[in-house]
């Protein structure tokens with residue numbers, strides 16, 4: 001039994017991502033750590049963030065978000081706070097567009113909203129440095145409207 005078959009995921013996108021990691025032999029942990037972002041007056045956690053995956057070989061946390069914009073905005077706020085409070089923690093957010101592009105690139109799924117993909121997709125090495133998950137960098141790279 002593969003690791004993704006032993007875990008109960010909160011969302012199908014997480015299961016598919018884990019399946020991709022398993023295919024490429026990348027060791028992962030599902031929601032292994034919760035980062036406290038804010039405490040109440042009693043010192044108890046008032047706000048926390050538990051990224052979906054940890055990739056020990058890369059010392060990288062990954063959060064997958066394919067949800068509605070209101071929840072994405074909330075996750076972005078938590079991610080910014082996590083980076084401020086834990087500057088040594090490497091974390092990447094995979095937005096719906098990034099996630100769908102990965103699925104198509106590695107031949108796992110043919111989302112209706114993307115261009116058709118050939119029937120035969122040759123597996124490529126799975127890398128995390130070729131996926132742009134930095135919203136600010138994407139915005140800076142966009143040409144300004146005339």
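Just one of the numbered conditions (1) in contact with a strand residue (DSSP E or B) (Cβ under 7 Å, 6 or more places away or on another chain); (2) surrounded by 15 or more Cβ atoms within 10 Å (Cβ to Cβ) is not true of residue 46: (2). The set of residues in segment 16-30 that are without any contact (Cβ under 8 Å) to a residue 60 or more places away in the chain and either surrounded by fewer than 16 Cβ atoms within 10 Å (Cβ to Cβ) or over 18 Å from the mean Cα position of the chain (by Cα) (or both) comprises 22, 25, 27, 29.
Which of the residues spanning segment 18-39 are touching a helix residue (DSSP H, G or I) at 6+ places or on another chain (Cβ under 6 Å) and over 17 Å from residue 60 (Cβ atoms)? Those that are touching a helix residue (DSSP H, G or I) at 6+ places or on another chain (Cβ under 6 Å) and over 17 Å from residue 60 (Cβ atoms): 19, 37.
Here, each number is a calculation from the coordinates, and none is a lab measurement. Since we're looking at a predicted model, the values are computed, not measured. With ideal geometry, Cβ positions are generated from the backbone for all residues, glycine too; neighbour counts draw on all protein chains shown.
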